[in-house]
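Heads up: the structure comes next, in structure tokens.
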Amino acid sequence: MTSSCKTWLKYAALGLATVAVIGAMIGYDRGFREYPQPDWVTATPDMRFKYGSISAEQDSGIPYWIFYVLPRVFPEKFREDGKVVPGGYAALGVPWEMGRELPVGFTQKTIGFPRVANNCAVCHTTTYRVSPDSNPVFVVGGSGHTTNVQAFFRLLIDCAKDPRFNADILMAEIKRVTHIDWIDQLLYRFLIIPMTKQRLLEREAQFAWLYREDFPDWGRGRDDGMNLTRYFMIKAPMDDYFGPADMPAIWNLKKYDPAKGSRPNYASDTHDVHSVVIDSALGVLGAPPKNNSRFMEQVEWLKAYLSELQPPNYPFPIDKARAARGKVLFASHCAACHASDKTGTALPLAEVGTDRGRLDTWNKDAAIKANKIVKEMGLERKGLVEEDLPGYHIPFLDGLWLRAPYLHNGSVPTLRDLLEPVAQRPKVFWRGYDVYDQTKVGFVSDTPEARRAGTRFDTASKAGGNQGHEFGTGLSASEKDALVEYLKTL
Amino acid sequence: MNEEFELSPSEQPPSPWKRRFLILLVLTVLIPGFIGLLLLKRFGQDIPVDYPSPTEHFKYGSTGGEHEMGFPYWIWKALPEVCPQYLPGKGYQSLGMVYEKKPDGSDRDLPVGTSQRRYQGVDRVFVNCAVCHVSTVRTAADQPATIVLGMPAATFNMKGFEEFFFRCAADPRFSEEYILPEIQRQGAKLDLLDRYLVYPIAIAIMRDRVLALAGRFDWVFKQHEWGPGRVDTFNSAKVIFNWPMHLLDPKEFDAPADFPSIWRQRQRMEPKEMQLHWDGNNTTVEERNKSAAFGTGTTPPTIDIERIKRVEAWIRDAEPPHFSDFFPVDRSLAAQGAPIYLQYCAACHGASGSEFSGEYVGTVEPLAKIGTDRRRLDSYTYTLAVNQATLYAGYPWRFTHFQKTHGYANMPLDGLWLRAPYLHNGSVPSLRDLLEPADKRPKAFYRGNDVYDPVKVGFVSNISEAGNKKFFRLDTSLPGNGNGGHEGKAYGTELSPAEKTALVEFLKTF
């Protein structure tokens, strides 16, 4: 009797253990097991830049099927300039190649379950079109002038805050678009959906300044990057500084030479390319890396890739004779700053006179704190410059034609406009429409189509001033045209 | 001695517990299990009605759309009687749906282009590919109609069909009080379960479902009439994504296009993949088919791939009927038209109606060159193209070939005579009219008549009604209906009348 009882207990224990092991295996497989991205993602360096994971899926990744159904469940939360925009994620201006499951800069990776996150390309890919009747050309490493990052951040929080962000409604929609097995259904219903909601809501406090009614929207192609760092990384208390700036082009990074004092970031805020790549990638991760050596591998790859990446040549005809005249003007009016040893170094703000909003969003104290936090993550870098900075750096002009709108805050739509005195520059225009304007050199910014696709930019808004850099504004109209013709060749 | 009479334990009288246990077992396990099995059999089935013949399958086979969208059979039957005020005439026939005749001459139970499936305990009906790709042709008003599979559904009023259901669902009569008596009047022998449980619930569910979708289709009501034979294909495709349609650029709307013919698909895949759809926005027949199948109510998890494949196999080699089987062709006149065709048309439209070689066949002609109405082109946006690349995510056949184009595709002309009216928006009634410059083409004409005009080559378009049937007046001055373009010397509109007549005669051989 006792022996048979023991045997029975043994079997029961064995059975339980088997169930537990199988359960654990399923749990690991569906919850945590990491699969590499498919080969096409890393087939070429450009593809890797556009679609390759930088491990952001772990912490800021959104479960794929939730990401998939948000536009269908919450179409009213896709908003720009306070208006609902139809078209799903594409309506927020993200670069999106035809035939691709996700936009450029969106990465898909399976860690237990498929997740979507971002990489650098979402803010650093330019699209342009040669005419309204043509499809976009994608330029990796360029300024993401169409992407509305703020709208995307808000979208996720707004969805999470909505009572309809619940398992019943999301699961019903997910089951309309795909088949998922019962294990995944249970996981989604009881773990993934509630946890995602909670994770997104946790962001709300840190993103509070995104909702301030006394601040204008960033609009397409801009982000308030230093405030992101202050509020997100160093968790500084909210203040009134506000300084959205254009997404920069990040090609040809080898041009920065710390020995000559040329440093990346609009106010030369960062010592070197190594540091700025780390900091930007950390921004995309939204959390300390899970695996530092792997993170640094990604950083090294990006650094190498972006150091060598070259901007594309101006794709339209150039009037050679006129450009030659412009070259002379460039040498006399521009080269001392933009093609000299001074290029890339900071210039006191008073000398250029552009909007100071962006400069004021950062300071020595913030740099010290941020450096400390990154050091505590165990990442070695020279980091942010622990000084109060005098003004914006003099930009290199490589690929200038594709870097519209101009000035750090993107407050002047075209190069031709930039050569006008402030009073004659456009006061209001629309950003983020991608048809190219070959006459004024920049993007078309005030047609019915541009108004429909783009976001309104008001130069009278906070941190949106278009003043300053009144250089060459006294040239004659034909001289300006010649100069602009030359600038197309850069 | 007693030993042998002593009962061994096994031979003791059965314990009362055994009987009690058995009763308990029957009550708690066997009976519920049996009922469960019955219910499973009643409500767990997913059985489409199948047809061995590929053409019958094309006409009545399932795409899987009944899972999500299927109307319970008896509701489908009852609605035209419950909501007759939302139909232009009697029954679904009045929307131009094609009914085959039974041997006794009466209409079949369901029209061509509908399929049946028993799912969740209810027989359901919904549309399939044939609803938009089958129609009828008559050689004269007093002649019987010939049903032609694969031709554009030139008489089917899709907009009227959609609006009928939305209007009826919003009507107070869409309730069991009105629908159930009608079902019984029609002779349904519903069992008790169906009568008192299944159908009352089904009516409520269906009303809720249709009304829930009504918001997504609100834009349809705001369009100029498509009339028979046309659909706004790609605004309908936007509905899949639940975009707020009223906020789209108004230029994207009023974009009706003719249903296409679907014969000879193999030649559109091989030797090179042609740009399919009017604007050439996809080069893959299978993707094009799955995209069209959304229109039959399918969704990625509910599509019946196996049965769609049967349709795909059939349309690969299906051929249009010959004009000469209906009307005589003047062979010598046609022979005079052949060299004109070769000179003017073949490079874009293929060597003949059955041989599609030609440098520009199946490629997109820029709008600036072709000059036809641009609304259908503008209804298909880059934004839609990239969103379509998310359809069927998670399946090996995710859409990867949708592309925004900037013109209209050069089509092969197989079965051309049955593809009237002409141009993508069906704005020109006949081939002979198409060979005139735009300002000499009819400014308005009638669509939906299936009587054929063998002289102009197209359906009779100059009478507004026949019998009890009113035709649709297409006004080419309305948005989306422009009849301009495809004109000028290169397009044959400057040929002499005799040359045009010869060319048209040759086109009858396609």
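Hey, can you rank B:381-391, B:469-479, B:59-69 by average C-beta count inside 10 Å, highest first?
Details: B:381-391: 22.6, B:469-479: 16.8, B:59-69: 25.2.
The densest-packed peptide leads the list: B:59-69, B:381-391, B:469-479.
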Original post:
Using Cα atoms only, what is the angle between the long axis of helix B:199-214 and the major principal axis of chain B, expressed in degrees (0 to 90) to the nearest 10?
Top reply: 40
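Mind ordering B:325-336, B:255-266, A:345-356 by average Cβ neighbours within 10 Å, highest first? Present the calculation step by step, with values, prior to reporting the outcome.
Numbers: B:325-336: 13.4, B:255-266: 23.8, A:345-356: 17.0.
Descending mean neighbour count gives B:255-266, A:345-356, B:325-336.
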Subject >> Unpaired by the 4.7 Å Cβ criterion, cysteines found in chain B >> reply: B:Cys129, B:Cys132, B:Cys345, B:Cys348
**OP:** Would you kindly derive the ³J(HN,Hα) couplings of segment B:261-278 from the backbone phi angles with the Karplus curve 6.51 cos²θ - 1.76 cosθ + 1.60 (θ = phi - 60°), listing them in order in whole Hz, with x for Gly and Pro?
**Re:** 7, 10, 7, 6, 5, 4, 6, 8, 9, 10, x, 10, 6, 7, 7, 9, 6, 4
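Cα gyration tensor of the protein assembly as shown, axes a ≥ b ≥ c as square roots of the eigenvalues: rounded (a/c below 1.5), prolate (a/b > b/c) or oblate? Numbers along the way, then the final one.
Working: a/c = 2.38, a/b = 1.17, b/c = 2.03.
Cα axes put the protein assembly as shown in the oblate bin.
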**OP:** Output the relative contact order of chain B, whole-number percent, from Cα pairs under 8 angstrom with separation of 6+ residues.
**Re:** 16
Subject >> Dipole magnitude of chain A about its Cα centre (Cβ charges: Lys, Arg +1; Asp, Glu -1), debye to nearest 20 >> reply: 860
**OP:** Summarise the partner chain shielding of A:172-179 as one whole number: the mean count of Cβ atoms from other chains within 10 Å of each residue's Cβ.
**Re:** 4
Original post:
How would you order B:403-416, B:96-109, B:73-86 from highest to lowest mean count of nearby Cβ atoms within 10 Å?
Top reply: B:403-416, B:73-86, B:96-109
Subject >> Amide H contacts of A:Asp257 (H built 1.01 Å from N, under 5 Å, at least 5 apart or other chain) >> reply: A:Ser262
Subject >> Nearest 10 degrees, 0 to 90: helix B:73-82 Cα axis against chain B principal axis >> reply: 60
Original post:
What residues qualify as long-range amide H neighbours of B:Gln45, i.e. H under 5 Å apart, gap of 5 or more or another chain, H built at 1.01 Å from N?
Top reply: B:Gln120, B:Gly121
**OP:** Excluding residues on the same chain fewer than 8 positions from B:Lys469, give the aspartates and glutamates whose Cα lies under 15 Å from its Cα.
**Re:** B:Asp142, B:Asp450
**OP:** List the residues whose amide H sits under 5 Å from the amide H of B:Tyr422, counting only those 5 or more places along or on another chain, with H placed 1.01 Å from N in the peptide plane.
**Re:** B:Ser427, B:Val428, B:Ser430
Subject >> Low-density loop positions, GluC sites (Glu not before Pro), segment B:255-305 - DSSP coil, at most 16 other Cβ in 10 Å >> reply: B:Glu273
**OP:** Could you go through segment A:337-343 in sequence order and give the Karplus-derived ³J(HN,Hα) for each residue, using 6.51 cos²θ - 1.76 cosθ + 1.60 with θ = phi - 60°, rounded to whole Hz, and x for Gly and Pro?
**Re:** 9, 8, 9, 8, 5, 6, 4
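Would you tell me the mean number of C-beta atoms belonging to other protein chains that fall within 10 Å of each C-beta in B:384-394, as a whole number?
Working: counts 3, 5, 14, 7, 2, 8, 8, 2, 3, 9, 9.
Other-chain Cβ atoms within 10 Å of each residue's Cβ, averaged: 6.
Calculated from DSSP H runs of 4 or more alone, at -39500 (n - 2.57) each and per residue, what is the 222 nm mean residue ellipticity of the protein assembly as shown, nearest 500? Write out the running numbers ahead of the final one.
Details: 39 runs with 357 residues, N = 1000.
Roughly -10000 deg cm²/dmol at 222 nm, from the helical runs in the protein assembly as shown.
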Subject >> Computed P(r) (all Cα pairs; segment B:134-247; 5 Å bins; percent) >> reply: 2, 9, 14, 14, 13, 13, 14, 12, 6, 1
**OP:** Enumerate the calculated ³J(HN,Hα) couplings along segment A:102-116 in order (Karplus 6.51 cos²θ - 1.76 cosθ + 1.60, θ = phi - 60°), each rounded to whole Hz, writing x wherever the residue is Gly or Pro.
**Re:** 10, x, 4, x, 10, 10, 10, 8, 9, 10, x, 9, x, 10, 10
**OP:** At a Cα cut-off below 17 Å, give the lysines reachable from B:Lys251, other chains included and same-chain residues fewer than 8 away excluded.
**Re:** B:Lys222, B:Lys238, B:Lys404
**OP:** Mind checking segment A:378-484 for GluC sites (Glu not before Pro) that DSSP puts in a loop (not H, G, I, E or B) and that have at most 13 other Cβ atoms within 10 Å?
**Re:** A:Glu380, A:Glu387
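If you take each beta carbon of peptide B:239-250 and count the beta carbons of other chains within 10 angstrom, what is the mean?
Numbers: counts 0, 3, 7, 9, 10, 8, 2, 2, 9, 4, 5, 0.
Average neighbour count from other chains, rounded to a whole number: 5.
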Subject >> Which listed pairs, of A:Lys255/A:Lys342; A:Lys109/A:Lys369; A:Lys109/B:Lys290; B:Lys159/B:Lys189, have C-alpha distances above 23 Å, in listed order >> reply: A:Lys109/A:Lys369; A:Lys109/B:Lys290; B:Lys159/B:Lys189
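Give a quick list of trypsin sites (Lys or Arg not before Pro) in segment A:271-339 that DSSP marks as loop, anything other than H, G, I, E or B, with at most 13 other Cβ atoms within 10 Å. Walk me through the numbers on the way to the answer.
Values: sites: A:Lys290, A:Arg294, A:Lys303, A:Lys320, A:Arg322, A:Arg325, A:Lys327; in loops: A:Lys290.
Within segment A:271-339, the qualifying trypsin sites (Lys or Arg not before Pro) (loop, at most 13 other Cβ atoms within 10 Å) are A:Lys290.
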Subject >> Nearby aspartates and glutamates by direct alpha-carbon distance to B:Lys369 (threshold 19 angstrom, same-chain neighbours under 8 apart not counted) >> reply: A:Asp133, B:Asp279, B:Glu359, B:Asp378, B:Glu436, B:Asp439, B:Glu487, B:Glu494
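A:Ala121: net charge of surrounding residues, Cβ under 13 Å, Lys/Arg +1, Asp/Glu -1, itself excluded?
After counting each charged neighbour, the total is +1.
Only the coordinates and a few stated rules stand behind these numbers; no lab work does. Just so it is clear, the structure is predicted and the values come from calculations on it, not from any experiment. Backbone-built Cβ (ideal geometry, glycine too); neighbour counts: all protein chains shown.
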